Amino acid sequence: METIIVCWSGVVERREYAVGHVLLVESWVGAMSSLLPRAIREAGHRFTFLTRNLHHYLRQGGGTGTHPLLDADHVITAETNDPERLLPHVRKLHEVLRFDGVVTSCDYYLATVARLAADLGLPGARPEAVECAYRKDLARQRMQAAGLPGPAFAVTGDWAGTEAAARALGFPLVVKPVDLCAGMFVRLVADRDQLREAFDALGEFPVNARGQQRSPLVLLEEVLVGPEVSVETVTVDGETTVLGVTDKSLAGAPWFVETGHMFPAALDAATAGAVGDMAVAALAAVGFDRGVAHTELRLTAAGPRVVEINPRPAGNQITELVRRATGVDLPMVYARLAVGEQPGVAVADTGVRSAAIAFLLPPRAGTVAGIDGVTALAAAPDVVDWAVKPAGHRTGDAVSNNDYLGHVMTVDTTGPGARARADALVAGLGVRYVDELAGAHA
């Protein structure tokens, strides 16, 4: 423990702090905005939260308690979108507050955090490796250079180049932004007209949700056919441990919206091993040497093929599925690695044979009047977590993972039945819209 004497308004207090002090730079506003602060505290550390716009997090609330991000020892506002200004600012903060590690759960700040850690001489992955892992185009190029099998692809910067590359690759194709996440603007296109529509939609989104200027580059990929899974890993000093494989269900084309997950995936040992080996090889190809990663792959007829690499813990509460099934708390592992600790990742028998989450997608755009069927969720003994959006929530169409109206998480202590159970419970929920009620009373 570290003891600090604090004087305020003439009152002297002696406060004891845990050993590690983590600088948390920005965050997602979903589950990880609670899971990571909780993990830092439960690991015995304290944290300072650094953000450019505190209101971005405050307006995501709705609960009655204090948001875990605001449980920080210090909440500091700074321009996190400008690394060149942020670096000297954080150096000055470090002189006073003495940080032991730097983390973020938000993809848009992963590269910045890696640079901060390196600049301060703190533990972390090499900045170049984080940048190559996060950027979809750079990851593809590194994996290709390493000789890993993957889809044919092209990186383009204008419409003429995009159209020419699409003709060379052949339709259908997957169109991706190189620097967005949560499935935003990832789309299957079947012909030139759909390609132009997807290209123009990206051009109309030049700034991401955090106010950062986006890259104009577009990634075109051959379509990978087969079930999608992800591999959850921990890498320390270049050695990667595979914790297991998570399965994934997706909504229908042309979008790639995730509708649920189960851990562990119901795969035979040989397939699970091949998937894990491919994920490890992909991380090595981009040079990822320290941290938690979530690598998505497709199980094609030719073998597992990487969809993308995420150099941070999985979102969509996959880390909670892993924790319930294995006892390994990946947000806590992430926090401990950030301060230079060597966290254990041994899998324990928790009694849970499968854990799953299913998401409620909006049937259409509109204002939600209510969601029916939640009484069954509260009464079900195998439901360990659930939530739905409140009445008055305005939703668009289901085109990305940002559009969920709720979720249900279940566990199965006998076998791989959690997924089917979670799916069935979500199927029992009904969304009512305000305009429907208005029409009924007209």
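The values are calculated or read from the model by the stated rules, or taken from the named source; none is laboratory data. None of the values given here were measured: they were computed from a predicted structure. For neighbour counting, all protein chains shown are included, and Cβ atoms are generated from backbone atoms with ideal geometry for every residue, glycine included. Heads up: the accessible areas ignore ligands, DNA and RNA and are worked out on the full protein's heavy atoms, side chains in. Shrake-Rupley method; radii C 1.70, N 1.55, O 1.52, S 1.80 Å.
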* Has the range 230-251 got at least one residue that is farther than 19 Å from residue 347 by Cα, touching a helix residue (DSSP H, G or I) at 6+ places or on another chain (Cβ under 7 Å), surrounded by 21 or more Cβ atoms within 10 Å (Cβ to Cβ) and in contact (Cβ under 8 Å) with a residue 12 or more places away in the chain? -> no
* Is it the case that the range 96-110 has a residue that's small (Gly, Ala, Ser), farther than 22 Å from residue 21 by Cα and touching a residue at least 12 places away in the same chain (Cβ under 8 Å)? -> no
* **Unmet requirement for residue 368, which otherwise passes all of (1) open to solvent by 50 Å² or more (accessible area, probe 1.4 Å); (2) of a type in the set (A, V, I, L, M, F, W, C); (3) assigned to a strand (DSSP E or B); (4) farther than 15 Å from residue 320 by Cβ** => (1)
* Yes/no for residue 197 being open to solvent by 40 Å² or more (accessible area, probe 1.4 Å) and acidic (Asp, Glu) -> yes
* Residue check, residue 123 assigned to a loop (DSSP other than H, G, I, E, B), modelled with pLDDT of 95 or more and more than 21 Å from the chain's Cα centre (by Cα) -> yes
* Out of the residues in the range 254-295 that are surrounded by 20 or more Cβ atoms within 10 Å (Cβ to Cβ) and among the charged types (D, E, K, R), which is modelled with the highest pLDDT? -> 290
* Every residue from the range 167-186 that is open to solvent by 30 Å² or more (accessible area, probe 1.4 Å) and either in contact with a Pro (Cβ under 6 Å, 6 or more places away or on another chain) or of a type in the set (Val, Ile, Thr) (or both) -> 185
* Structure fact -> Pairing a residue in the range 413-431 that is within 11 Å of residue 352 (Cα to Cα) and part of a loop (DSSP other than H, G, I, E, B) with any residue that is open to solvent by less than 30 Å² (accessible area, probe 1.4 Å) and of a type in the set (Val, Ile, Thr), where Cβ atoms lie under 8 Å and the two sit 6 or more apart in sequence or on different chains, gives 413/352
* Test residue 329 against the stated conditions and say whether it is open to solvent by 10 Å² or more (accessible area, probe 1.4 Å) and either in contact with a strand residue (DSSP E or B) (Cβ under 8 Å, 6 or more places away or on another chain) or farther than 28 Å from residue 109 by Cβ (or both). => no
* Asked: Out of curiosity, is residue 348 part of a loop (DSSP other than H, G, I, E, B) and either modelled with pLDDT under 95 or not acidic (Asp, Glu) (or both)?
  -> yes
* Asked: Looking at this structure, is residue 44 in contact (Cβ under 8 Å) with a residue 24 or more places away in the chain and touching a helix residue (DSSP H, G or I) at 6+ places or on another chain (Cβ under 6 Å)?
  -> no
